[in-house]
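The values are calculated or read from the model by the stated rules, or taken from the named source; none is laboratory data. None of the values given here were measured: they were computed from a predicted structure. Glycine gets a Cβ as well: all are built from the backbone with ideal geometry, and neighbour counts include every protein chain shown.
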């Protein structure tokens with residue numbers, strides 16, 4: 001699109017690309033990105049276990065949906081819930097498995113296998129997962145919460 005049709009679009013794109021190039025990468029996994037050393041240090045507590053998993057699966061990194069669920073699992077494994085988790089927890093989300101087509105269920109099964117492979121450095125067997133945790137259901141819960149592993153809106157999930 002020429003810049004004369006939408007003033008400032010080209011410069012906006014260039015500014016955005018410059019910003020992306022300036023992001024700092026985690027020195028260990030080289031996948032996570034941060035705006036500054038301060039942000040990286042602040043995020044380390046949440047990233048360190050994910051970092052170990054990312055390094056173990058190099059060069060075949062999992063999709064963002066698998067990484068996101070990994071972070072959820074690490075949070076659930078912490079001893080004490082945060083203040084917000086006392087009000088509303090991951091376990092409060094309803095599963096929508098019965099609304100999914102067989103194709104979507106097969107996609108969730110593949111994500112569950114990818115998740116197990118990704119997490120193998122930190123979780124060697126299901127007994128190490130949080131109590132009552134089901135990987136397949138967890139992906140379906142995330143879908144219902146508005147974030148789809150396939151990049152679709154929640155309302156599109158049952159179709």
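For residue 53, only one of the following conditions fails: (1) surrounded by 11 or more Cβ atoms within 10 Å (Cβ to Cβ); (2) touching a strand residue (DSSP E or B) at 6+ places or on another chain (Cβ under 9 Å). What is its number?
All conditions pass for residue 53, except number (2).
Look through 45, 28 and report the one residue that is in a loop (DSSP other than H, G, I, E, B), modelled with pLDDT of 85 or more and either surrounded by 15 or more Cβ atoms within 10 Å (Cβ to Cβ) or not assigned by the TED database to the domain that holds residue 134 (or both). Show your work before the answer.
Numbers: 45 fails: in a loop (DSSP other than H, G, I, E, B).
It is 28.
Would it be correct to say that residue 100 is in the same structural domain as residue 124 (by the TED database), under 20 Å from residue 132 (Cβ atoms), modelled with pLDDT under 90 and surrounded by 10 or more Cβ atoms within 10 Å (Cβ to Cβ)?
On the way: in the same structural domain as residue 124 (by the TED database): yes; under 20 Å from residue 132 (Cβ atoms): no; modelled with pLDDT under 90: yes; surrounded by 10 or more Cβ atoms within 10 Å (Cβ to Cβ): yes.
When the stated conditions are applied, residue 100 does not pass them.
If I go through the range 59-82 residue by residue, how many of them are over 13 Å from the mean Cα position of the chain (by Cα) and either in a helix (DSSP H, G or I) or in contact (Cβ under 8 Å) with a residue 24 or more places away in the chain (or both)?
2
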